[in-house]
Amino acid sequence: MKRLRSPRLRRPIVLIMDDEPAARGALVRVLQLRGYEVVETDTVVDAVSVLGESAVDAAVLDVRIPSGSGLDVLTPLRQHLELKKIPVLVWTGSMLSEDEEWAVTRHGAHLFQKPEIRALVNFLDQLLDRDTPN
């Protein structure tokens, strides 16, 4: 099954993987208000499953969650022929180790610190070539 990039008229789909309900919920609300369709998960297994079944346009991944790490999602994502070019934003409230920072950079992901949402969403708008509200 071939994945096609979202047509301009369809709302972009963003996967959010985060184990903190309050942070995830706040980001979901902002993205939905900006016209995104959002798929939420709080586990690595579910995130990998969503990526295998859905034509997502971007992913926002937390690094440290009880079921693993967003980096555990990033590696297979970048190896997947049809998904390797989607924008990935790593959104974390933790200080990353040098190895974690290297992995984020190596996979072409973009790092954002929690609880900052505005910069993340504005950057996502730019990556997906969407107009940013004033």
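No lab work stands behind these numbers, since they all come straight from the coordinates. Predicted, not measured: the structure shown is a model, and the values here were computed from it. Note that we place each Cβ from the backbone using ideal geometry, even for glycine, and neighbour counts take in every protein chain shown.
What to note about this one:
- Whichever residue in segment 88-100 is hydrophobic (A, V, I, L, M, F, W, C) and either in contact (Cβ under 8 Å) with a residue 12 or more places away in the chain or surrounded by 11 or more Cβ atoms within 10 Å (Cβ to Cβ) (or both) and, among such residues, is nearest to Ala22 (Cα to Cα): Trp91
- Just so you know, in segment 101-131 the residues that are out of contact with any strand residue (DSSP E or B) (no Cβ under 8 Å at 6 or more places or on another chain) and surrounded by 16 or more Cβ atoms within 10 Å (Cβ to Cβ) include one that is nearest to Asp42 (Cα to Cα), and it is Ile117.
- Only a single item in (1) over 11 Å from the mean Cα position of the chain (by Cα); (2) closer than 20 Å to Gly25 by Cβ; (3) of a type in the set (Asp, Glu) is not met by Glu98, and it is number (2).
- Qualifying residue in segment 58-80 (condition: surrounded by fewer than 19 Cβ atoms within 10 Å (Cβ to Cβ) and without any contact (Cβ under 8 Å) to a residue 24 or more places away in the chain): yes
- Segment 13-51 - residue that is over 19 Å from Arg118 (Cα atoms) and hydroxyl-bearing (Ser, Thr, Tyr) and, of those, nearest to the chain's Cα centre (by Cα): Thr41
- Selected residue (criterion: surrounded by the fewest Cβ atoms within 10 Å (Cβ to Cβ)) from residues of segment 29-46 that are in a helix (DSSP H, G or I) and of a type in the set (A, V, I, L, M, F, W, C): Leu33
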